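S.K.: Take a look at this one; I'll ask things after.
The values are calculated or read from the model by the stated rules, or taken from the named source; none is laboratory data. Since this is a predicted model, take the numbers as computed values, not measurements. As a convention, Cβ positions derive from the backbone with ideal geometry for all residues, glycine included, and neighbour counts pool all protein chains shown. With ligands, DNA and RNA removed, areas are computed over all heavy atoms of the protein, side chains included. Shrake-Rupley method; radii C 1.70, N 1.55, O 1.52, S 1.80 Å.
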Amino acid sequence: MGHPSALPTIRQLHVFEREILSEAGQGASRPSRHVVAAAVFKNPYAGRGAASKEDLDHLVDISTEIGALLTERVLARFAGQERPRAYGKAIIVGMSGESEHGAAMIHPRLGLSMRKGLGAGPALIPGNAKVASAGASIDVVFGGAEDAWDYDAMDGIVVSVPGAPLLDELVLFVGFGTVRINARVRGASAEQVARLVADIRK
């Protein structure tokens, strides 16, 4: 069967914004802001089954284009405010799809759209994917954009879209954020971790 050629039509767009001003009775030294944009669209490979052994390059192409759109929408919410320091991505695959469809959407090239939009981001972008029914929630996990060992940037947010994904749909989430509320955890540096791993492997 030939590859689908056209980009799918987006059925819905959503933007979720969370700003935490205090926690555990303690006001924030600075607000913690996380914004996630989501797109709901048709999965061109739904219902074909894993036995088809098709390559999924078209899903990779879709992720790049829709990822750029979602990145633009999220970063517009940060205009004139604190620059995002964290990023994350996630996808929910409708029940007629398979987990590899989600992997194709969030792993190969989506991150390039996110990094280009932010103008930074050498660190690996945390990703999360699952196959689920309409209305299911998923955690968008955040990590540091410039440094994967930026402990203050590590966070998460739970998101869902009521009524989506339908059986033959995908819901793609792209998120950016600042730091955790009142972040004060101190961890090992990347160099310390590298030394520890080297010792473990001996």
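S.K.: Taking every DSSP beta bridge with both residues inside the chain, roughly what % is antiparallel (nearest 5)?
M.R.: 90
S.K.: Another one. When the chain is fully extended, how far beyond the present Cα-Cα distance does R109 get from S29, taking 0.36 nm per residue of separation?
M.R.: Full extension from R109 to S29 adds 25.2 nm.
S.K.: Can you find, among G94, Y151, N43, the residue farthest towards the positive end of the dipole of the chain? Put +1 on the C-beta of Lys and Arg, -1 on that of Asp and Glu.
M.R.: Among G94, Y151, N43, the one farthest towards the positive end of the dipole of the chain is Y151.
S.K.: Heavy-atom accessible area per residue, the chain, 1.4 Å probe: how many Å²?
M.R.: Ligands and nucleic acids excluded, the figure is 50 Å² per residue.
S.K.: Right, something else. Taking the square root of 5 times each eigenvalue of the Cα gyration tensor, what semi-axes in Å does the equivalent ellipsoid of the stretch 1-94 have, largest first?
M.R.: Semi-axes (√(5λ), whole Å): 36, 14, 11.
S.K.: With an 8 Å Cα cut-off and a minimum separation of 6 or more residues, compute the relative contact order for the stretch 8-51 in percent.
M.R.: This gives 48 percent for the stretch 8-51.
S.K.: Let me ask something else. Using only the alpha carbons of the stretch 44-102, what is the convex hull's orientation-averaged projected area in square nanometres?
M.R.: 4.9
S.K.: Between A24, A145, A38, which gets the highest mean-square fluctuation from a Gaussian network model of the chain, Cα cutoff 10 Å?
M.R.: Looking only at A24, A145, A38, the largest GNM fluctuation is found for A24.
S.K.: For the chain, what does -39500 (n - 2.57) per DSSP helix run (n ≥ 4), summed and divided by total residues, give at 222 nm, in deg cm²/dmol to the nearest 500?
M.R.: Dividing the helical sum by the residues of the chain leaves -7500 deg cm²/dmol.
S.K.: Further question: Tell me the label-point distance for the pair W149, A194, using the 7 Å Cα-to-Cβ offset, in nm and rounded to one decimal.
M.R.: Going by the 7 Å Cα→Cβ label model, 0.8 nm.
S.K.: Let me ask something else. Please compute the contact order of the chain in relative form: average sequence separation of alpha-carbon pairs under 8 Å and at least six residues apart, divided by the residue count, as a percent.
M.R.: 27
S.K.: To continue, here is another question. Taking the chain as a Gaussian network, Cα atoms linked when under 10 Å apart, which of R77, R184, R85 shows the biggest mean-square fluctuation?
M.R.: R184
S.K.: Please give the FRET efficiency for V158 paired with R83, using the beta carbon to beta carbon distance and R0 = 25 Å, rounded to the nearest 0.05.
M.R.: 0.55
S.K.: Return an integer: the convex hull volume of the alpha-carbon atoms of the stretch 95-167, in Å³ per residue.
M.R.: Cα convex hull per residue, to the nearest whole number: 92 Å³.
S.K.: Please report the carbon-and-sulfur percent of the accessible area for the chain; probe 1.4 Å, protein heavy atoms only, DNA, RNA and ligands left out.
M.R.: Exposed carbon and sulfur together represent 53 percent of the surface.
S.K.: Using a Gaussian network model of the chain with C-alpha springs under 10 Å, which one of G119, G135, G97 is most mobile by mean-square fluctuation?
M.R.: G119
S.K.: Around A145, which amide H atoms from residues at least 5 apart in sequence, or from another chain, sit under 5 Å from its own amide H, with H modelled in the peptide plane?
M.R.: Long-range HN contacts for A145: A86, Y87.
S.K.: At 1.4 Å probe size, what's the solvent-accessible area of S96? Round to the nearest 10 Å².
M.R.: Approximately 50 Å² of S96 is accessible to the 1.4 Å probe.
S.K.: For E100, what accessible area in Å² do you get when you roll a 1.4 Å probe over the heavy atoms of the protein chains, rounding to the nearest 10?
M.R.: Here the accessible area works out near 100 Å².
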